[in-house]
Amino acid sequence: MTTTDWSATTAEHPDRNGQVVCIGESMTLLTPPAGQSLIEATETELHVAGAEGNVACGLAHLGIGTQWLSRIGPDPLGQRILDFYGSRGVGLDHVVVDPDRPTGVMFKDRVADRNSVFYYRKGSAASALVPDALSGLDRPALIHLSGINAVLSGQLSDLARTVVIDRALPDALVSFDVNHRPGLWPAEEAAAPLRRLANAADVVLVGLDEAERLWGSTTADDVRANLPDAKVIVVKDADRGAWHLSAEETVFQPALPLQVVDVVGAGDAFAAGYLAALLSGRTPAARLRLGHLLAALTIQSTADTPPLPDARVLWELADADDGWDRIVIEPRALADAEILRGKEIR
């Protein structure tokens with residue numbers, strides 16, 4: 001593993017615009033009411049879904065200037081996505097409305113506590129994202145994307161390679177969330193291309209379960225051995241905790257005890273917390289803590305990107321080296337930050 005050099009962070013380079021650019025497709029998600037399947041439901045709920053968009057929302061909430069780079073269709077669904085991200089403080093300067101392609105749609109079916117997802121994204125506007133879309137970016141501090149880009153279309157795959165491997169923006173840090181989706185890409189096909197992308201990134205985020213599925217890695221050290229050129233590797237092990245691994249140090253931070261409502265979006269929330277703390281110059285332990293906090297709060301809701309409590313409280317808790325085991329995570333904490341830390345905001 002190469003020695004880590006965070007000289008590209010905004011704190012040390014004030015000439016940068018301080019922005020993160022999150023690249024990827026977002027769609028509208030339709031789900032039936034709890035306890036009903038799509039076969040029997042007479043109504044559905046409409047949400048916005050997209051891994052990189054979720055990360056952008058989390059970063060913006062934490063005060064990090066963030067842009068979403070993508071394409072949408074000239075339809076109400078695309079406008080709904082723009083309105084939602086705009087309301088969360090995400091910049092939309094690099095979103096193109098494609099006059100000829102639709103916004104993608106996905107359905108989630110909930111049957112007997114099991115979720116099945118059905119995608120209608122072939123020929124979507126975002127599938128036409130090409131490397132030329134990067135030309136308008138102005139010295140971003142960090143570019144974030146996930147492995148989903150590598151499978152959705154040939155053009156998106158080319159874009160991912162251009163960013164991560166070819167380093168089209170050489171001064172920007174590159175963050176890559178492996179985010180393997182077996183329903184889109186069987187592990188035996190995805191293993192090699194996802195490893196190439198992950199190994200070329202500055203920051204890699206991967207779940208231990210997906211690392212085992214893809215590369216046979218059963219420990220955080222195994223993941224590090226499989227990705228020797230990545231500068232920093234963040235390995236998430238569900239409710240056990242997460243590791244930060246670099247040439248300088250290995251740091252483990254246990255997860256927070258909680259009850260799970262819905263795990264969808266938790267990995268994206270963790271990425272947002274970790275990256276925000278990284279760009280703000282926090283220690284590896286604080287980065288992991290902020291990632292855990294956002295993930296734990298997201299798990300308390302059925303939404304991918306629920307409204308989060310006061311960012312000041314989240315930063316305060318992440319920066320504290322003690323008291324981690326006293327933090328209270330429950331659904332009410334999404335609306336009342338005092339539940340998290342038990343005292344009034346000063």
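Laboratory data are not the source of any read-out in this text; all were calculated from the coordinates shown. Predicted model, so just to flag it, every value in this text is computed and none were measured. Here the Cβ positions follow ideal geometry from the backbone for every residue, glycine too, while neighbour counts run over all protein chains shown.
Descriptive notes on the structure:
- Magnitude of the charge dipole for region 201-346, about its Cα centre and with charges confined to Cβ atoms of Lys, Arg (+1) and Asp, Glu (-1), is about 280 debye.
- DSSP bridge pairs, region 12-169: antiparallel proportion in percent, nearest 5: 45 percent
- Net charge of the neighbourhood of THR219, taken over other residues with C-beta under 15 Å away and scored Lys/Arg +1, Asp/Glu -1, is -2.
- Shape of region 199-346, Cα gyration tensor, a/c cut at 1.5: prolate
- Subtracting the Cα-Cα distance of ASP221 and ASP325 from 0.36 nm times their residue separation leaves 34.9 nm of extension gain.
- Ellipticity at 222 nm from helices only: DSSP H runs of n ≥ 4 in the chain, each -39500 (n - 2.57), divided by the residue count, give -9000 deg cm²/dmol.
- Most simply put, the chain has about 45% antiparallel DSSP beta bridges, counting only bridges with both residues inside it.
- Peptide ranges 303-309, 83-89 listed from the most packed, as the mean C-beta count within 10 angstrom indicates: 303-309, 83-89
- Relative protection proxy for 51-63, 157-169, 282-294, from highest mean packing down: 51-63, 282-294, 157-169 (other beta-carbon atoms within 10 angstrom).
- Total charge dipole magnitude, the chain, about the Cα centre, Cβ charges on Lys, Arg, Asp, Glu only, Debye to nearest 20: 160 debye
- Whether region 31-127 is rounded, prolate or oblate, judged on the alpha carbon gyration tensor where a/c under 1.5 counts as rounded: oblate
- Near HIS144: Cβ cut-off under 12 Å, other residues only, Lys/Arg at +1 and Asp/Glu at -1. The net charge is -4.
- Overall form of the chain: rounded. Here a/c, set by the Cα gyration tensor axes a ≥ b ≥ c, is under 1.5.
- Evaluated with a Cβ-only charge set (Lys, Arg +1; Asp, Glu -1), region 132-279 carries a dipole of roughly 100 debye about its Cα centre, given to the nearest 20.
- Estimated FRET transfer efficiency (GLN36, ARG181; beta-carbon r; R0 35 Å; 0.05): 0.90
- From phi via Karplus (6.51, -1.76, 1.60), per-residue ³J(HN,Hα) for region 165-176 in Hz, x at Gly/Pro: 8, 7, 6, 4, 10, x, 8, 8, 5, 10, 10, 10
- Dipole of region 107-195, positive direction: furthest Cα of ASN179, PHE107, LEU156, with charges on the beta-carbon: PHE107
- Considering only PRO306, ALA133, GLY65, the residue lying farthest towards the positive end of the dipole of the chain is ALA133, judged by Cα position with unit charges set on Cβ.
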